[in-house]
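Presented below is the structure to which this report refers.
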């Protein structure tokens, strides 16, 4: 029985924790919330914020020395590569380097590395002051994207157009940066794509590939809110191969030799460009549900084996089929939730794989300003992407989240 340390016990980590337990491993879960759902499955629980690198590292070292040796460390759907890497490097475990983790945690340094390595990316610049932002907008025109250098979940990310108050935008974005650092980049027109790659001793495979859905770009403007996505992609094979090539080259440029690389890219009129790469398993139920449902590849199983230094066969990361899969989110009117109706009926509809809500009756729905404000989602499958999307939209229409004004 090997010991696996899991950083984060959030709801999206539960499938990974459960799988690790089913694989016969002893599982330690660390999370800052005493109510983290992952603790219910853990063999040992540690209260430590996933973002508190030093505290989590101290707890891991003490556990390793006094209770039992740790054989691997991982995170599921949590953007904490530096925490995971710090433990792995301190204990000599498999994982990415500290330098790679820092690049993955700093969007500005990541872009600089991509630029140095010739990876196609949007124009970008740090923003040191409000005056500099005004000058950039004057020189570059709009639209642009302003974002925190070191945040996640689309927090603080805005599309700058002529209707947006720059003073407010700068303050809003700065608020969401733990280190008070902001950057801007060119807003790229074109289809947006999510990839999920696994690198095995430098050889890359990309079983995860989905078209992202930004149909509500204007509805939520200036906030950039995704309404799920679908697979298989509508792109042709040659274009898909180009996207995959750049995603894998970007992961290699960051120094990932063995491990997961989650990519965000845009297909522009001049070809694919990389927005960013995350050195971790994806959130949004992409790695846990959508990729295995659509391709037959269990990336969670593969990632656990990599974290423990175990052998992974190449055939285990090659898609076995291409099933239609879609995810769509619920965006109820702001207010207090009175009731959530027709859920059981919707669960019985064809192709429904999972329906989940982040809120319950009595909770408050706030305006959607980032991805953490979405109320819930549905994942569906079908014989084609079109059928999966239609089924997901039918569920969204069928379920009614009734709110009352505060």
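When the strands (runs of 3 or more DSSP E) confined to region 335-387 are screened for residues that are more than 16 Å from residue 290 (Cβ to Cβ) and in contact with a strand residue (DSSP E or B) (Cβ under 7 Å, 6 or more places away or on another chain), those reaching at least 3 such residues are found at 335-341. Those helices (runs of 4 or more DSSP H) of region 57-173 in which 3 or more residues are closer than 19 Å to residue 183 by Cβ and touching a residue at least 40 places away in the same chain (Cβ under 8 Å) occupy 98-105, 107-116, 130-140.
Residue-wise test of (1) in contact with a helix residue (DSSP H, G or I) (Cβ under 8 Å, 6 or more places away or on another chain); (2) farther than 30 Å from residue 1 by Cβ; (3) surrounded by 15 or more Cβ atoms within 10 Å (Cβ to Cβ).
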{"site": "311", "(1), (2), (3)": "yes, no, no"}
{"site": "324", "(1), (2), (3)": "yes, yes, yes"}
{"site": "328", "(1), (2), (3)": "yes, yes, yes"}
{"site": "334", "(1), (2), (3)": "no, yes, no"}
{"site": "346", "(1), (2), (3)": "yes, yes, yes"}
{"site": "360", "(1), (2), (3)": "no, yes, no"}
{"site": "372", "(1), (2), (3)": "no, yes, no"}
{"site": "382", "(1), (2), (3)": "yes, yes, yes"}
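Within the set 402, 396, the sole residue that is out of contact with any helix residue (DSSP H, G or I) (no Cβ under 8 Å at 6 or more places or on another chain) and either farther than 21 Å from residue 283 by Cβ or in a strand (DSSP E or B) (or both) turns out to be 402. For region 226-249, a residue qualifies if it is over 22 Å from residue 320 (Cβ atoms) and not in a helix (DSSP H, G or I), and the qualifying residues are 226, 227, 228.
The set of residues from region 27-45 being under 10 Å from residue 9 (Cα atoms) and assigned to a strand (DSSP E or B) comprises 28, 29, 30, 31, 45. Here is the figure for region 1-26: residues that are outside any helix (DSSP H, G or I) and either closer than 20 Å to residue 282 by Cα or under 23 Å from the mean Cα position of the chain (by Cα) (or both) total 7. Residues of region 390-400 include none that is farther than 12 Å from residue 349 by Cα, buried (at least 20 other Cβ atoms within 10 Å of the Cβ) and modelled with pLDDT of 95 or more.
Residues of region 212-228 that are under 22 Å from residue 356 (Cβ atoms) and in contact with a helix residue (DSSP H, G or I) (Cβ under 8 Å, 6 or more places away or on another chain): 225, 226, 228. All of 272, 319 fail the test of being in contact (Cβ under 8 Å) with a residue 24 or more places away in the chain, assigned to a strand (DSSP E or B), more than 19 Å from the chain's Cα centre (by Cα) and over 30 Å from residue 36 (Cα atoms), apart from 272.
Just for region 19-33: of the residues that are without any contact (Cβ under 8 Å) to a residue 40 or more places away in the chain and touching a strand residue (DSSP E or B) at 6+ places or on another chain (Cβ under 9 Å), which one is farthest from residue 72 (Cα to Cα)? Result: 33.
Within region 288-301, if we keep just the residues that are in contact with a strand residue (DSSP E or B) (Cβ under 6 Å, 6 or more places away or on another chain) and not in a loop (DSSP other than H, G, I, E, B), the residue that is surrounded by the most Cβ atoms within 10 Å (Cβ to Cβ) turns out to be 290. Scanning region 254-265 for residues that are surrounded by 20 or more Cβ atoms within 10 Å (Cβ to Cβ) and over 16 Å from residue 206 (Cα atoms) returns a single hit, 254.
The values are calculated or read from the model by the stated rules, or taken from the named source; none is laboratory data. Everything numeric in this text was worked out from a predicted model, so none of it was measured. Every residue, glycine among them, receives a Cβ derived from its backbone with ideal geometry; neighbour counts consider all protein chains shown.
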